[in-house]
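Take a look at the structure below.
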Amino acid sequence: MNENTISLEENITATERGSEGPAPAFGAPSVFTVRGLGVHYGGLPALRDVSLDVQPREITAIIGPSGCGKSTLIRCFNRMNDLIPGAEVSGEVLYHGEDIYAAGVDPVTVRRRIGMVFQRPNPFPKSVYDNVAFGARINGYKGDMDELVERSLRRAALWDEVKSKLRKSALALSGGQQQRLCIARAIAVEPDVILMDEPASALDPIATVRIEDLMQELKQEYSIVIVTHNMQQAARVSDRTAFLYTEVDEAAGQRWGILVEFGDTSDIFTRPRDKRTEDYVSGRFG
Amino acid sequence: MSEPVSPEALSTASSTRAERFRRERTRLGRRADTLFAGLTALAGLLVLIILAYMVLTTTNVALPVFRSQGLSFVTSATWRPADGQFGILAFVYGTLVTSAIALVIAVPLSLGVSLYLVEVAPRWLRGPVAYAVDLLAAVPSVVYGLWGVFVLLPLFLQPAAEFLSRTLGFIPIFAGPASGISYFGAGVVLAIMIVPIISSLSREVFRAVPVEDRHAAYALGATRWEMIRGAVLPRSRAGIVGATMLGLGRALGETIAVALLIGSRAEVGASILKPGYSIAALIANTFGEANPEGIRALVGAGVVLFAITIMINMAARMLVWRMVER
C-alpha cells in the first residue's frame, strides 16, 4: 500500500482524475488524497479505483444509487472497514499526506483525529453529559470537562435544548436531538474531519434542516465528508460532489462501485460531463 | 388468483363477498384461535396453580414446627431433632455463604468467558468454545460433587484453603485450621457449576448490543477494551444481573455437590475455611432417618429456602427496574 505497490495504470488514472477534478486552492493542501482506492469484501469487489481529494473547510458529498459503495468509501477515511471481517482495502488514502493504511498505523489513532456520525443516531445508553465526555475521557482529556461538554453541545446547536437535562439519559432525546448529540460527541474529541454517513436519513424534514444548517456552521472549522442518497441535500450543502455508480459484470455475477465524476457541486448538478451523472441528477433513476 | 370458496357460499346468490369471508373465518380460523388461546391460558394458569399449591401445602406441613419453634426456627443455630429443637440459622448461613462465594468467583469468570467469546476470540473458535461451555451445564451435579471430592479436593481445594489461611489468616473469614471440605470448597465447586449458565446468558446479552453502539465507540477512537466498557457493558447491565440471578438460583438450591463438600457441621462460624452446612444438604442428608416432627422441620427449612430465593429474585428485579429507568 505504499507507492511502490501502485501500478502504473493506477497512477495514470489518478493523474487523469486529478486533472479532471477542481484544482485545490492555493496554500490549502488536501485533507484527504485518495488514489486508486479499492475495497474487497471476502474477495468480492465492492469499490474500485476511486481517486479524489477532500479540501479543508469544505463539505464533500458522496452521492449515488443504492449499493454503489458510498458507505464503503466513507468508511475508508477512518478505517471503519477494518471492523468488517474479510474487508480488504487497496490503493492509497493520504490524510494530510500520510498514508493511514501504512503498516504500523494504529486505526485507533486515526479515528481519534477523524470523527464520524452514523445513519441512525446512536448515543450510548448514558447521560447526555457522559455521551459527550466519552471520547474526551478515553483520549485522556486533561482540561475542564464541563467546559468541553458545554462548548461541544453549543457547537452542535444543542446546548439550549439539553442544558437542563445533562444528567438525563440521552435515549430520552428526540431523534434529531440524538443525532446532534452524536455530532457533539464527535466534536468533543476535537477532530479536524467529520465523516457523516447519511446523517439525516432517519430524521424528519425539520430535524434534517437543522442538521444541514449545523453542517454549514461546522464547515467554518472542520472538513466534512457526507454520504447522502438525497441529491437535493447534496446540492444544498456541499461544495464538491463525488458521484458513484454501480458497474456490473454479468458473466462473473459481480457488481462494484466506481467513481464516475468528481467536481464542484454546481458543475455536477448543472453541467455534468458524464451521461450517467446527468441521468442520475436529473432524477431519471436511483 | 382465485380465493378458495366453499360450495355453499357459491350457491348462495345473495351472500356478498364480505359475508363469505366472515363465514369461512368462523368455521376454521376462529375456532382454532379460541382453542389455541384456551390451551395457552391453561398452561399459564397451571404454573400459577402449581406454585400456589406448593407454597400452601409445604407451609401447611411445616406449620406445627413453625408454631412450636416460633421465630427461633430461623434465629437459632441449635438443631437437635431428638430434643425437639429446630433452629436452622446455621443452614441458612451456610446456604448464603456458599452461594456468595460461588458468585464472587463465577460472575467475573463468566463475564470474562462471554466477553472473550463475543468480542475477542477468532470467529472459528467461538462456536466450539461456546458449545463446550454449554456442555458443562449438562453435567449432572452429583458428578461435579464426586469430582470435587476425589479430584479437586486434594489437587486444589485443600492446598488453596491452606494457602489462604496461611497468608490471609489474620482476617477472620480466612482463619484456620483450614479445610478443603468447607464453605470455601463447596463454594468453589458451585462456582464451576454456575459458570455455564451465567456465561451462556451473558453471551446472548452481549451479542444483543447493537453494532451501531460498537461502531460509535470505535469511531471515537476507542480501543477494544474502551469500546466494551463504554458501549457493551452499560447496555448489558440489566441482562448481567438477570444472568447472575439465574446462577444464584441454581447455587442456592444445589444439593448433592454441596452435601458432598460442605462438611455437614451445623455451626455459624466466621471462617469460610471451616466445615459448615446448607439447607439443601441438610434436607438431603437427614430426610431418610428423620422422625415425624423432624420431617416437618425439614419441610419448614425448604419453605425458608424458597422464601430466600423469592426475596433475592425480587430484590434483583427491583434493581433491574431501577437500572432501566435511569
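With the condition kept exactly as written, say whether any residue in the stretch B:186-197 is buried (at least 23 other Cβ atoms within 10 Å of the Cβ) and within 14 Å of chain A (Cβ to nearest Cβ). No - not one qualifying residue is present in the stretch B:186-197. Residue count for the stretch B:168-185 under the criterion of being surrounded by 19 or more Cβ atoms within 10 Å (Cβ to Cβ) and part of a helix (DSSP H, G or I): the result is 4. Only residues that are part of a helix (DSSP H, G or I) and within 8 Å of chain B (Cβ to nearest Cβ) were counted in the stretch A:125-143, giving 3.
Is at least one residue of the stretch A:165-175 closer than 22 Å to residue B:228 by Cβ, within 13 Å of chain B (Cβ to nearest Cβ), surrounded by fewer than 23 Cβ atoms within 10 Å (Cβ to Cβ) and not acidic (Asp, Glu)? Yes, the stretch A:165-175 contains at least one residue that is closer than 22 Å to residue B:228 by Cβ, within 13 Å of chain B (Cβ to nearest Cβ), surrounded by fewer than 23 Cβ atoms within 10 Å (Cβ to Cβ) and not acidic (Asp, Glu).
Evaluated against (1) in contact with a Phe, Trp or Tyr (Cβ under 9 Å, 6 or more places away or on another chain); (2) outside any helix (DSSP H, G or I); (3) not aliphatic (A, V, I, L, M), residue A:146 falls short on exactly one condition, (2). Looking only at residues in the stretch A:91-102 that are loosely packed, with under 15 Cβ neighbours inside 10 Å and in contact (Cβ under 8 Å) with a residue 40 or more places away in the chain, the one that is farthest from the other protein chains (Cβ to nearest Cβ) is A:97. I need the full set of residues from the stretch B:228-271 which are more than 14 Å from chain A (Cβ to nearest Cβ), polar (S, T, N, Q) and more than 14 Å from residue B:197 (Cβ to Cβ), in order please. Passing the criteria: B:255, B:264, B:271.
Every test in (1) assigned to a loop (DSSP other than H, G, I, E, B); (2) under 23 Å from the mean Cα position of the chain (by Cα); (3) over 23 Å from residue B:172 (Cα atoms) is passed by residue B:245 save one, and that test is (1). Taken as a whole, the structure leaves residue B:252 outside the set of residues that are in contact (Cβ under 8 Å) with a residue 40 or more places away in the chain, under 24 Å from residue B:127 (Cβ atoms) and surrounded by fewer than 24 Cβ atoms within 10 Å (Cβ to Cβ). The condition of being surrounded by fewer than 16 Cβ atoms within 10 Å (Cβ to Cβ), within 14 Å of another protein chain (Cβ to nearest Cβ), under 22 Å from residue A:228 (Cα atoms) and within 18 Å of the chain's Cα centre (by Cα) holds for residue A:84. Counting the residues of the stretch B:280-308 that are crowded, with 16+ Cβ neighbours inside 10 Å, within 28 Å of residue B:242 (Cα to Cα) and either among the hydroxyl-bearing types (Ser, Thr, Tyr) or out of contact with any helix residue (DSSP H, G or I) (no Cβ under 7 Å at 6 or more places or on another chain) (or both) gives 1. Would you be able to tell me the number of residues in the stretch B:198-217 that are without any contact (Cβ under 8 Å) to a residue 60 or more places away in the chain and either away from chain A (no Cβ under 14 Å) or more than 30 Å from residue A:107 (Cα to Cα) (or both)? Residues in the stretch B:198-217 being without any contact (Cβ under 8 Å) to a residue 60 or more places away in the chain and either away from chain A (no Cβ under 14 Å) or more than 30 Å from residue A:107 (Cα to Cα) (or both): 2 in total. Contact annotation: residue pairs with Cβ atoms under 7 Å, 6 or more positions apart or on different chains, pairing a residue in the stretch A:108-124 that is facing another protein chain (nearest Cβ under 7 Å) with a partner that is aromatic (Phe, Trp, Tyr), are A:111/B:218; A:124/A:134. Of these, A:213, A:279, which one is free of Cβ contacts under 8 Å to residues at least 12 places away in the same chain and not in a strand (DSSP E or B)? A:279 is the lone residue from the list that is free of Cβ contacts under 8 Å to residues at least 12 places away in the same chain and not in a strand (DSSP E or B). Could you list all residues from the stretch A:36-71 that are within 14 Å of chain B (Cβ to nearest Cβ) and touching a strand residue (DSSP E or B) at 6+ places or on another chain (Cβ under 6 Å)? Of everything in the stretch A:36-71, just one residue is within 14 Å of chain B (Cβ to nearest Cβ) and touching a strand residue (DSSP E or B) at 6+ places or on another chain (Cβ under 6 Å), namely A:71.
Using beta carbons and a limit of 7 Å, which pairs, at least six apart or on different chains, have the first residue in the stretch B:157-185 and assigned by TED's automatic domain parsing to the domain that holds residue B:103 and the second one crowded, with 17+ Cβ neighbours inside 10 Å and acidic (Asp, Glu)? Pairs found: B:178/B:162.
The values are calculated or read from the model by the stated rules, or taken from the named source; none is laboratory data. Keep in mind the model is a prediction, meaning the values are calculated, not measured. Glycine gets a Cβ as well: all are built from the backbone with ideal geometry, and neighbour counts include every protein chain shown.
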